[in-house]
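The values are calculated or read from the model by the stated rules, or taken from the named source; none is laboratory data. Quick caveat, the model's predicted, so the values are computed rather than measured. All Cβ positions, glycine included, derive from the backbone under ideal geometry; neighbour counts span all protein chains shown. Ligands, DNA and RNA are stripped out before the accessible areas are found, and what is left, the full protein with its side chains, is counted by its heavy atoms. Shrake-Rupley method; radii C 1.70, N 1.55, O 1.52, S 1.80 Å.
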Amino acid sequence: MNILLIGPPGAGKGSQAEKLVSQKAFKHLSTGDLFRKALREKTPLGLKAGSYVDRGALVPDSITIGLVEEALGDFTGNVIFDGFPRTVPQSEALDQFLQKRDQKLDHVISLEVSDDVVLRRLTGRRWAPQSGKIYHVDFNPPKNSGKCDETGEELAIRSDDRPEVVQSRLKNFREITWPLLKHYKIRGILKEVNGEGAPEKIFQSIVSFLK
């Protein structure tokens, strides 16, 4: 089974994907994680993506598709796509990629979240660069203010979580990614889920739909 989790930045796609992975045999493919990994390793595609990520702009389709295909490699198991596809051309590229493996995209789950909730979630988010652990000043604060529980390192604000960048990301989502929802609704594989409740309640809604 191949699933796409779609929604604005901060909708909780990564958190819900982790819950699904913990209970089912899925590979979680997050383009955000792919971009950050490629940037850390200074790969050619990572360096090209970096200038777009830092200012909240949409990374060009050719770079994103290349990273996804590189990450999947020969893997043919179940995949949760998180943050990809974001455009119609990316959707078409994914269909072609899966067809070569005799697979298809089975379900698209849209997490519905308001802009105000997105801003509160993302601007309060903090991360530990070494451990990669994510915290939130309101919802998941560290034991020691400003420091990672695991490594003791200073927490930082990711460049794509700055308020002006979040606004840019939301604008991109509304203008570029929303058309995908109609595209998948016509195909009959779209399910809309309220993404503003408790994470466990959202997860149960997703699981009930997949069953």
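Can you tell me which residue in region 8-19 is least open to solvent (accessible area, probe 1.4 Å), limited to those that are in contact with a helix residue (DSSP H, G or I) (Cβ under 7 Å, 6 or more places away or on another chain), more than 21 Å from residue 171 (Cβ to Cβ) and of a type outside the set (Lys, Arg)?
Among those that are in contact with a helix residue (DSSP H, G or I) (Cβ under 7 Å, 6 or more places away or on another chain), more than 21 Å from residue 171 (Cβ to Cβ) and of a type outside the set (Lys, Arg), it is 16.
Out of the residues in region 133-146 meeting the condition of being touching a Lys or Arg at 6+ places or on another chain (Cβ under 9 Å) and not in a strand (DSSP E or B), tell me which one is most open to solvent (accessible area, probe 1.4 Å).
139
Can you name the condition, by its number, that residue 52 falls short on among (1) within 17 Å of the chain's Cα centre (by Cα); (2) under 22 Å from residue 176 (Cβ atoms); (3) open to solvent by less than 60 Å² (accessible area, probe 1.4 Å); (4) not charged (D, E, K, R)?
Residue 52 satisfies all of (1) within 17 Å of the chain's Cα centre (by Cα); (2) under 22 Å from residue 176 (Cβ atoms); (3) open to solvent by less than 60 Å² (accessible area, probe 1.4 Å); (4) not charged (D, E, K, R) except (3).
Across region 23-54, what is the total count of residues that are hydrophobic (A, V, I, L, M, F, W, C) and outside any helix (DSSP H, G or I)?
Matching residues across region 23-54 total 3.
Which number in (1) crowded, with 17+ Cβ neighbours inside 10 Å; (2) outside any loop (DSSP other than H, G, I, E, B) marks the one condition that residue 105 misses?
Here residue 105 clears every test but (2).
Conditions tested, residue by residue: (1) part of a helix (DSSP H, G or I); (2) over 13 Å from residue 31 (Cα atoms); (3) open to solvent by 60 Å² or more (accessible area, probe 1.4 Å).
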{"position": "56", "(1), (2), (3)": "no, yes, no"}
{"position": "67", "(1), (2), (3)": "yes, no, no"}
{"position": "71", "(1), (2), (3)": "yes, no, no"}
{"position": "81", "(1), (2), (3)": "no, no, no"}
{"position": "85", "(1), (2), (3)": "no, no, no"}
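Looking at 149, 116, 160, can you tell me which residue is in a helix (DSSP H, G or I) and open to solvent by 30 Å² or more (accessible area, probe 1.4 Å)? Walk me through how you get there before you give the answer.
Working: 149 fails: in a helix (DSSP H, G or I); 160 fails: open to solvent by 30 Å² or more (accessible area, probe 1.4 Å).
Result: 116 is the single residue among 149, 116, 160 that is in a helix (DSSP H, G or I) and open to solvent by 30 Å² or more (accessible area, probe 1.4 Å).
Rundown of residues vs (1) assigned to a helix (DSSP H, G or I); (2) out of contact with any Cys (no Cβ under 7 Å at 6 or more places or on another chain); (3) in contact (Cβ under 8 Å) with a residue 40 or more places away in the chain, yes/no style:
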{"position": "91", "(1), (2), (3)": "yes, yes, yes"}
{"position": "95", "(1), (2), (3)": "yes, yes, no"}
{"position": "101", "(1), (2), (3)": "no, yes, no"}
{"position": "122", "(1), (2), (3)": "yes, yes, yes"}
{"position": "131", "(1), (2), (3)": "no, no, no"}
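Do you know which residues across region 146-160 are touching a Leu at 6+ places or on another chain (Cβ under 9 Å) and at pLDDT 90 or above?
146, 147, 148
So residue 206 ticks every box in (1) within 15 Å of residue 118 (Cβ to Cβ); (2) surrounded by 15 or more Cβ atoms within 10 Å (Cβ to Cβ) but one. Which box is left unticked?
Unmet condition: (1).
Quick check on residue 5: is it buried (at least 18 other Cβ atoms within 10 Å of the Cβ), touching a Phe, Trp or Tyr at 6+ places or on another chain (Cβ under 8 Å) and assigned to a strand (DSSP E or B)? Outline the logic, then answer.
On the way: buried (at least 18 other Cβ atoms within 10 Å of the Cβ): yes; touching a Phe, Trp or Tyr at 6+ places or on another chain (Cβ under 8 Å): yes; assigned to a strand (DSSP E or B): yes.
Yes, satisfied.
Taking residue 63 and the conditions (1) β-branched (Val, Ile, Thr); (2) out of contact with any Leu (no Cβ under 6 Å at 6 or more places or on another chain); (3) open to solvent by less than 30 Å² (accessible area, probe 1.4 Å), which numbered condition does it fall short on, given that it satisfies the others?
Residue 63 satisfies all of (1) β-branched (Val, Ile, Thr); (2) out of contact with any Leu (no Cβ under 6 Å at 6 or more places or on another chain); (3) open to solvent by less than 30 Å² (accessible area, probe 1.4 Å) except (2).
Taking region 22-36 only, how many residues are basic (Lys, Arg) and either at pLDDT 85 or above or at positive phi (or both)?
So in region 22-36, the residues basic (Lys, Arg) come out as 24, 27, 36.
From the residues that got through so far, the ones that are either at pLDDT 85 or above or at positive phi (or both) too are 27.
Residues in region 22-36 being basic (Lys, Arg) and either at pLDDT 85 or above or at positive phi (or both): 1 in total.
Among the residues of region 161-180, is there at least one that is of a type in the set (A, V, I, L, M, F, W, C), more than 30 Å from residue 89 (Cβ to Cβ) and under 19 Å from the mean Cα position of the chain (by Cα)? Can you show your working first?
To start, the set of residues in region 161-180 that are of a type in the set (A, V, I, L, M, F, W, C) comprises 165-166, 170, 173, 176, 178, 180.
Those still in the list that are more than 30 Å from residue 89 (Cβ to Cβ) too: none.
Checked region 161-180: no residue is of a type in the set (A, V, I, L, M, F, W, C), more than 30 Å from residue 89 (Cβ to Cβ) and under 19 Å from the mean Cα position of the chain (by Cα).
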